[in-house]
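The values are calculated or read from the model by the stated rules, or taken from the named source; none is laboratory data. Since the model is a prediction, treat every value here as computed from it, not as a measurement. Cβ: placed from backbone, ideal geometry, glycine included. Neighbour counts: every protein chain shown.
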Amino acid sequence: MKKHHYQLHLQWTGNTGSGTRNYTAYSRDYEINAPGKPTLYGSADPAFRGNPERYNPEEMLVASLSACHKLWYLHLCAEAGITVVAYEDEPSGQMLQTPDGGGHFEWVELRPLVTILETAKQEQAEALHERAHQLCFIANSCNFKVSCKAKIQVQ
């Protein structure tokens, strides 16, 4: 088996002068960096005093699931001779906050809209979403339901 290692640098940038002296004294902002890539600006969800102009970890989890599924799907279509000319997704997820302040995701739903060229391969294109889901590294790492309600259209 091959192993792949990922390493980033995350730096909290939210010290407004008094550190974490109290819950309202600091910003939740942070930056994620990797060599040769643009900075990703993050914060907490606004419900937890985060900056609404930045991505929060929950959004990035939903985005990661969508992106991983898309990458597998495009790969499988290329192998199957299905020409995808457009792919959009409107993923959503729901997190439950528990009384102790923690929480967990209950579900994520992917809703890709895929445009292909071959009318005769529309059914096969639909079926490949299930295989993409089975192969998705991120979905395989989650302990909550990840579903996919794809729509295929022919250009």
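Tabulated data
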{"read-out": "Residue count for the stretch 139-155, restricted to those that are touching a residue at least 24 places away in the same chain (Cβ under 8 Å) and over 14 Å from Phe105 (Cα atoms)", "value": "8"}
{"read-out": "Of residues in the stretch 62-75 being out of contact with any His (no Cβ under 9 Å at 6 or more places or on another chain) and crowded, with 17+ Cβ neighbours inside 10 Å, the one farthest from Asn22 (Cα to Cα)", "value": "Lys70"}
{"read-out": "Residue in the stretch 123-143 that is modelled with pLDDT under 95, small (Gly, Ala, Ser), under 20 Å from Glu59 (Cα atoms) and exposed (fewer than 14 other Cβ atoms within 10 Å of the Cβ) present", "value": "no"}
{"read-out": "Conditions (1) within 10 Å of the chain's Cα centre (by Cα); (2) at pLDDT below 95: number failed by Met60", "value": "(2)"}
{"read-out": "The stretch 17-38, residues that are free of Cβ contacts under 8 Å to residues at least 24 places away in the same chain and either among the aromatic types (Phe, Trp, Tyr) or surrounded by 12 or more Cβ atoms within 10 Å (Cβ to Cβ) (or both)", "value": "Ala25, Tyr26, Arg28, Tyr30, Glu31"}
{"read-out": "Residues (in a loop (DSSP other than H, G, I, E, B) and of a type outside the set (Val, Ile, Thr)) located in the stretch 63-121", "value": "Gly81, Asp89, Glu90, Pro91, Pro99, Asp100, Gly101, Gly102, Arg111, Pro112, Leu117, Glu118"}
